[in-house]
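Shown next, in structure tokens, is the structure this report addresses.
The values are calculated or read from the model by the stated rules, or taken from the named source; none is laboratory data. Please read all numbers here as calculations on a predicted model, not as lab measurements. Please note: Cβ atoms are built from the backbone with ideal geometry, for glycine as well, and neighbour counts cover all protein chains shown.
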Amino acid sequence: MRISSLASGAALVSLAGCSDPPMQAPAEPGSQAIACQVGGSDTPQQCFVERRVISDGKILIIRHPDGGFRRFREAADGSGLAALDGADAVRQTFGGGTLEITIAGDSYSLPAGARE
């Protein structure tokens, strides 16, 4: 009896390893879908941007499909974004009504209005 319970437990563990990747959490109300490429993927994905006003300015939270996220602080003069977490440099380019942000191999395409 003991051997069979160990064998069935091992089967459950092996099945758990074959499960699908976690589903993305539902977007927060008022968030905006944007195109992104995260986690080394070459395939365009969908991320969600949340905007928050805090005591000393505005921040953007970009949520990844895998549940990860990045936070950015908007410059007071609206000239760009700075990463809130970590020491990775943020590269920004603006063209065609889109702000392209690249940081540590992840990239995000924000409509120009997303900087408001």
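Listed by first and then second residue, the pairs with beta-carbon distance under 6 Å, at least 6 apart or on different chains, first residue in the range 91-109 and closer than 19 Å to residue 39 by Cα and in contact (Cβ under 8 Å) with a residue 24 or more places away in the chain, second in a strand (DSSP E or B) and among the hydroxyl-bearing types (Ser, Thr, Tyr), are 101/108; 109/98. Checked against the criteria, residue 110 counts as under 14 Å from residue 47 (Cβ atoms), aliphatic (A, V, I, L, M) and surrounded by 11 or more Cβ atoms within 10 Å (Cβ to Cβ).
Quick grid of which residues meet (1) of a type in the set (Ser, Thr, Tyr); (2) within 22 Å of residue 86 (Cα to Cα); (3) modelled with pLDDT under 95; (4) within 12 Å of the chain's Cα centre (by Cα):
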| position | (1), (2), (3), (4) |
| --- | --- |
| 36 | no, yes, no, yes |
| 40 | no, yes, yes, no |
| 43 | yes, no, yes, no |
| 62 | no, yes, no, yes |
| 67 | no, yes, yes, yes |
| 75 | no, yes, yes, no |
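Applying the condition of being closer than 14 Å to residue 51 by Cβ and touching a helix residue (DSSP H, G or I) at 6+ places or on another chain (Cβ under 8 Å) to the range 68-96 and asking which residue is surrounded by the most Cβ atoms within 10 Å (Cβ to Cβ) yields 81.
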